[in-house]
């Protein structure tokens with residue numbers, strides 16, 4: 001099975017899709033690799049993401065990239081969902097993989113929809129504010145030209161979830 005690495009914008013339903021299609025998809029939550037969750041196991045990933053006092057895992061990027069590589073090489077998944085962090089994406093590209101961004105069209109309706117979804121799932125206001133600013137930023141500037149040929153960007157309507165996009169594939 002060919003595996004696609006998909007970087008969907010936050011609140012687009014990566015976790016939902018992976019939970020409901022665990023036979024073909026996995027959502028690799030970056031916070032599980034970049035931060036030590038000891039003492040916070042009782043918190044959901046969404047609440048944990050917003051904590052200001054999280055302790056960084058010094059090997060987080062390396063551990064996360066290894067998990068992505070392992071998931072792809074396992075041949076178990078059609079889709080591996082990952083973080084959109086430029087460091088992560090550059091690491092994925094250096095591993096020799098292609099990436100596909102799925103993002104809402106940057107517009108006011110997308111901002112409103114993101115904010116509604118984030119509040120609904122329990123994200124704290126600071127996390128929402130720090131993340132919403134990336135709705136406008138297009139990732140082209142993060143990569144040199146030779147890596148850009150391995151990056152695809154798919155803009156979708158503000159109301160779409162990842163499921164909508166994958167069902168159209």
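Read-outs: derived from the displayed coordinates by stated rules, not from any lab. Just so you know, these numbers come straight off a predicted model, no measurement behind them. For neighbour counting, all protein chains shown are included, and Cβ atoms are generated from backbone atoms with ideal geometry for every residue, glycine included.
Can you sort 20, 150, 42 by how many other beta carbons sit within 10 Å, fewest first? Write down the numbers at each step before the final one.
On the way: 20 11, 150 15, 42 8.
Result, fewest neighbours first: 42, 20, 150.
Of the residues 64, 79, 134, the one that moves most in a GNM of the chain with alpha-carbon contacts below 10 Å is 134. The mean sequence distance of close C-alpha pairs (under 8 Å, at least 6 residues apart), as a share of the length of the range 1-91, puts its relative contact order at 48 percent. Considering only 101, 142, 33, the Gaussian network model of the chain with Cα springs below 10 Å gives its largest mean-square fluctuation to 142.
For the range 30-169, the direction-averaged projected area of the alpha-carbon convex hull comes to 9.5 nm². The share of Cα pairs per 5 Å bin across the range 77-160, counted from zero up to the longest distance, runs 3, 13, 22, 22, 19, 14, 7, 1 percent.
Computing FRET efficiency as 1/(1 + (r/R0)^6) for residue 37 and residue 62, where r is the C-beta to C-beta distance and R0 is 22 Å, gives about 0.80.
Note on the chain: antiparallel DSSP beta bridges, both residues inside, total approximately 10 percent of the bridges counted. The range 98-118 and the range 1-35 have Cα centres spaced 16 Å apart. Each 5 Å bin from 0 upward holds the following percent of the Cα-Cα pairs of the range 52-93: 5, 20, 27, 23, 14, 7, 3, 1. Here, P(r) means the percent of Cα pairs in each 5 Å bin from 0 to the largest distance; for the range 1-97 it is 2, 13, 23, 24, 21, 12, 4, 1, 0. Can you give the calculated 222 nm mean residue ellipticity of the chain, where each DSSP H run of n ≥ 4 adds -39,500 (n - 2.57) and the sum is split over every residue, rounded to the nearest 500 deg cm²/dmol? Value at 222 nm, helices only: -11500 deg cm²/dmol.
For the range 54-169, calculate the relative contact order in percent as a whole number, restricting contacts to Cα pairs under 8 Å that are 6 or more residues apart. Each step should come with its number before you reach the end.
Working: 79 pairs, mean separation 37.2, N = 116.
Value for the range 54-169: 32 percent.
If every alpha-carbon in the range 99-146 counts as one equal scatterer, what log10 I(q)/I(0) does Debye give at q = 0.13, 0.17, 0.20, 0.29 1/Å? So the normalised log intensities are -0.36, -0.57, -0.73, -1.13.
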